[in-house]
1. Given the chain, what percent of its DSSP beta bridges are antiparallel, to the nearest 5?
2. Taking neighbour counts of Cβ atoms within 10 Å as a proxy for exposure, in what order, fewest first, do VAL161, VAL176 appear?
3. Is it possible to state the helix-based mean residue ellipticity at 222 nm for the chain, with each DSSP H run of 4+ residues giving -39500 (n - 2.57), the sum divided by total residues, to the nearest 500 deg cm²/dmol? What is it?
4. Along the three principal axes, how long is region 212-257 when you take its alpha carbons, biggest first, rounded to the nearest angstrom?
5. So between GLU225 and ALA149, what do we pick up on full extension, going 0.36 nm a residue minus the alpha carbon distance?
6. Where the convex hull is taken over the Cα atoms of region 7-225, what is its projected area averaged over directions, in nm²?
7. For the chain, set up a Gaussian network in which alpha carbons nearer than 10 Å are linked by springs, and say which option among THR85, THR47, THR66 fluctuates the most.
8. Under a 10 Å cutoff between Cα atoms, tell me which one of PHE247, PHE95, PHE184 has the largest fluctuation in the Gaussian network model of the chain.
Amino acid sequence: MRSEFTGLGTALVTPFTRNGAVDEAAVRRLAERQVEAGVHFLVPCGTTGESPTLSAAEKVRIVELTVEAAAGRALVLAGAGGYDTREVIETVRAFERAGAHGILSVSPYYNKPTQEGLFQHYKAIAESTSLPVIVYNVPGRTGSNVEPATLERLAAVPNIVGVKEASGNMAQIVDVCRRVPEDFLVLSGDDALTLPVMAVGGRGVISVIANEAPAEMVELVEAAERGEFAHARRVHARLASLMLANFVESNPIPVKAAMAAMGLCEEVYRLPLVPPSDASRERVLAALREAGLQVTAAARG
């Protein structure tokens, strides 16, 4: 087992039963599938896990189940973010008690803090726990950007160890890699940008497509880690259509539809998420086939 959050981390979907409850058996089964495929760490309760619609108790239980399923074979980086710093700290402490090995914390959304506010928010979170903390920067969802200069400051906070960079701005990511210490982890937050991010100093990806294709993404990331970019590009080319199809509608709608078509979980969402349009579903199914992944269940209409 790795001692740090490098390589491939899977942003796990949260499976629900037909009556809308968390499907605990499926949580275990999906986490076990990831570990068996060689994924380096697991990320429950993130955006892909529909975290905004999970209760506090459900989040803790999902982290517990994921830790149990990993059974020491992979690290668990639990998603704990929000726009109320005090509430985030409470969640972090609960996840620490549940056995998480680290925290992925999305930057505050809706209230759009200043860069100083972002710095103080993350500093307070880090000081509340002994766990390593990874900043999650996704301006398209939060409405604010954690700028490279702020990440440079945050990198000096002892247990803030990295960033999941999902700005989609390669110039910004290059600047981050240039500014932060060598041991500060820069992880891609976009599957399609995994290779360019790793080429400029990134250490891996927190991935959506790994829900569908964990072994293939392990192959891609490990090839890039070894500097075998020709090999990594071949794997990327095979997965590229699915990487894009996973975002044809808001994540995790497409990936959950894909996983249901693969027979991995029920296609159940919590409002305000709803099933994809027919056109989006067809694109997802076509991309699954192009990636060489087997569609085993009838697609829902």
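1. Details: 1 of 28 bridges.
The antiparallel proportion sits near 5 percent.
2. VAL161, VAL176
3. -13500 deg cm²/dmol
4. Per principal axis, max minus min of the Cα coordinates gives 33, 15, 12 Å.
5. On the way: separation 76, 0.36 × 76 = 27.36 nm, distance 2.64 nm.
Full-extension gain reported as 24.7 nm.
6. Details: hull surface 43.1 nm².
Approximately 10.8 nm², given one-decimal rounding.
7. Judging by the Gaussian network model, the answer is THR85.
8. Evaluated over the chain, the most mobile residue of the options is PHE247.
Read the figures in this text as sums done on the coordinates, not as results from a lab. All figures in this text were calculated on a predicted structure; none of them were measured in a lab. Cβ atoms come from the backbone with ideal geometry, glycine included; neighbour counts cover every protein chain shown.
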